[in-house]
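I have placed the structure first, in the form of structure tokens, so that the comments after it can refer back to it.
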Amino acid sequence: MVPNMKSPQVLKNLVDDDLFINWENFQTFQNELVEQITCDSREVDKFSGGGATLFFALAGEHFDGHDFIDDVFQKNPLAIILSEKDLKSLHRRSIQVRDIQKAMAVIVKRFFTDPDAKLNLIGVTGTNGKTTTTYLCREMLNTISKTGMLGTVEYDVCGKIRKVPNTTPEAIILFRMLAEAVQNGCQNLALEISSHALELKRAYGLEVDVAIFTNLSPDHLDFHGNLDGYFLAKKKLFYGINGYKPKYSIVNIDDAYGRQLFHSLKNDGEMSVSFGFSEDADFKICNVKKNDINGTIFTIVTPQQPYEFRSPLFGHYNLLNIAASFAASMMIYEEPEKFIRAVAEFQGVPGRMDKVILPNGATAFVDYAHTPDALGAAIESLRSIKKGRLITVFGCGGNRDTTKRAPMTRIVNERSDFAIATSDNQRHEPQANIFRDMERGVVDSSKIAFVEDRKEAIIRAIQLSQAGDIILVAGKGHETYQRVNDKIFDFDDRRVIREVGGLC
């Protein structure tokens, strides 16, 4: 359990009349102290036997807090916050709200005394590139002052690395982490902000100083309905629908949705800065002198002057990630030379093009790419540096967006010399069903095999490879597990490659 990092507060100081619709008994306990806020019924009696705990009954993907209300009341909480739709669970200390996610974010932010306002916050959203961009922002800003990071791989609160439950956690954890970062002396923090977090108000009220839009391509359409719905969720960060407008917006105008967003923000008079390879980009990537397996040398032309960068990272999309993080960091501190040195020393993100050189002379890369656009970008980056063949191992997750399965297969089948389709967190869906959807994208059956066991698929790829070949193992990246039904099995692509390749 993460410590609260906060002294008790009087309940009435945390709430607003407009958040609530039913609090007729509130007068009887409004002056009581809140020591803990949670949406986990198991935590209710962690402080003062439960008597100082405010419990939010959230309805999640796997659990509904309303199902635990009777158990929670046995633990004597200070109060329970309920959805306005729940009329059956009213108890003497129940408070009904119109929007429970928004109410939780507002109350938690106050409970931790607005830690986001005490940090220079960079919020990164988009389909791909969020993780690498937040890492790069942390590396650059750390050259000036202590910088934390919250993202897909890890939470760094300037003192301790914590495990990741969600890309953007529930508001309780988010503001608790920010409070811990402030207590640990952080002055800056970069965080990934997912479309789910924006749609579900996990990050509502977050005072982001610089918002970055990396790109947009089909993903999470099972949740958002269509690409326009997905885009509308992302836009909330830039237009203040999330609660606050950012001071600066950094937008990729090479991306069609990004260009649309940028011009819309400009027309509305917002402080917007563009980046990309486009001629009209404010931070324009050009003059790529080197792009190979050992890294890149290129130039970013800014409104002030051009700067040459050297980086161990390679590939078109990594140049975009560097440009985005450089532009964002320059909005906070104008220290370009320090940022350039940080880029030169940055070795990459776990599970993002992790390189393993095999004894047979082939090179394997483990990458998190799990959307059509990300897979295409990863494959094109490797095609541009390969000397032999490109062999790609990939899968599609179960119980998730089925519309991307055929496009992913088509891209891999068309652009790889050989492809092996396999499992990738099948969850509760039969692998045969997933393969059936993927098979619709096959354009050349002689260049693809379907191997259900992921380890066997990696073994086969290594056996097929020879000196000069590149193997891309895509989809899981930094993850160290496989989800099958209700079980989680240890599985790390990087470790398997080293074991199979004879490196362990």
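The values are calculated or read from the model by the stated rules, or taken from the named source; none is laboratory data. Keep in mind the model is a prediction, meaning the values are calculated, not measured. Note that each Cβ is placed from the backbone with ideal geometry, even for glycine, and that neighbours are counted across all protein chains shown.
Condition check ((1) closer than 19 Å to Ser465 by Cα; (2) aliphatic (A, V, I, L, M); (3) within 19 Å of the chain's Cα centre (by Cα)) across all residues:
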{"position": "Arg383", "(1), (2), (3)": "yes, no, no"}
{"position": "Ser416", "(1), (2), (3)": "yes, no, no"}
{"position": "Asn425", "(1), (2), (3)": "no, no, yes"}
{"position": "Met438", "(1), (2), (3)": "no, yes, no"}
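What number of residues within the range 104-128 are outside any loop (DSSP other than H, G, I, E, B), crowded, with 24+ Cβ neighbours inside 10 Å and out of contact with any strand residue (DSSP E or B) (no Cβ under 9 Å at 6 or more places or on another chain)?
Matching residues across the range 104-128 total 3.
Quick one: which of Lys487, Lys387 is surrounded by fewer than 15 Cβ atoms within 10 Å (Cβ to Cβ) and touching a Gly at 6+ places or on another chain (Cβ under 7 Å)?
None of the other options fit; the residue is Lys387.
Does Val153 satisfy the criteria of being at pLDDT below 85, part of a loop (DSSP other than H, G, I, E, B), in contact with a Ser or Thr (Cβ under 9 Å, 6 or more places away or on another chain) and assigned by TED's automatic domain parsing to the domain that holds Ile241?
Spelling it out, it is not the case that Val153 is at pLDDT below 85, part of a loop (DSSP other than H, G, I, E, B), in contact with a Ser or Thr (Cβ under 9 Å, 6 or more places away or on another chain) and assigned by TED's automatic domain parsing to the domain that holds Ile241.
Looking at the range 218-234, is at least one residue touching a strand residue (DSSP E or B) at 6+ places or on another chain (Cβ under 8 Å), outside any helix (DSSP H, G or I) and either outside the structural domain of Phe326 (by TED's automatic domain parsing) or not β-branched (Val, Ile, Thr) (or both)?
no
Can you name every residue in the range 235-276 that is touching a helix residue (DSSP H, G or I) at 6+ places or on another chain (Cβ under 9 Å) and either outside the structural domain of Asn215 (by TED's automatic domain parsing) or of a type in the set (Gly, Ala, Ser) (or both)?
Gly243, Ser249, Ser264, Ser272, Ser274, Gly276
When Thr131 is evaluated against the numbered criteria (1) assigned to a loop (DSSP other than H, G, I, E, B); (2) more than 16 Å from Ile37 (Cβ to Cβ); (3) hydroxyl-bearing (Ser, Thr, Tyr), which criterion, by number, is the only one it fails?
In the conditions (1) assigned to a loop (DSSP other than H, G, I, E, B); (2) more than 16 Å from Ile37 (Cβ to Cβ); (3) hydroxyl-bearing (Ser, Thr, Tyr), Thr131 misses (1) alone.
Can you name the residue in the range 358-383 that is in contact with a Leu (Cβ under 9 Å, 6 or more places away or on another chain), assigned to a helix (DSSP H, G or I) and modelled with pLDDT of 90 or more and, of all such residues, is nearest to Ala406 (Cα to Cα)?
Going through the qualifying residues, I end up with Leu375.
Do we find that Phe394 is buried (at least 20 other Cβ atoms within 10 Å of the Cβ), closer than 16 Å to Ala362 by Cα and in contact with a strand residue (DSSP E or B) (Cβ under 6 Å, 6 or more places away or on another chain) in this structure?
For Phe394, the condition - buried (at least 20 other Cβ atoms within 10 Å of the Cβ), closer than 16 Å to Ala362 by Cα and in contact with a strand residue (DSSP E or B) (Cβ under 6 Å, 6 or more places away or on another chain) - is not met.
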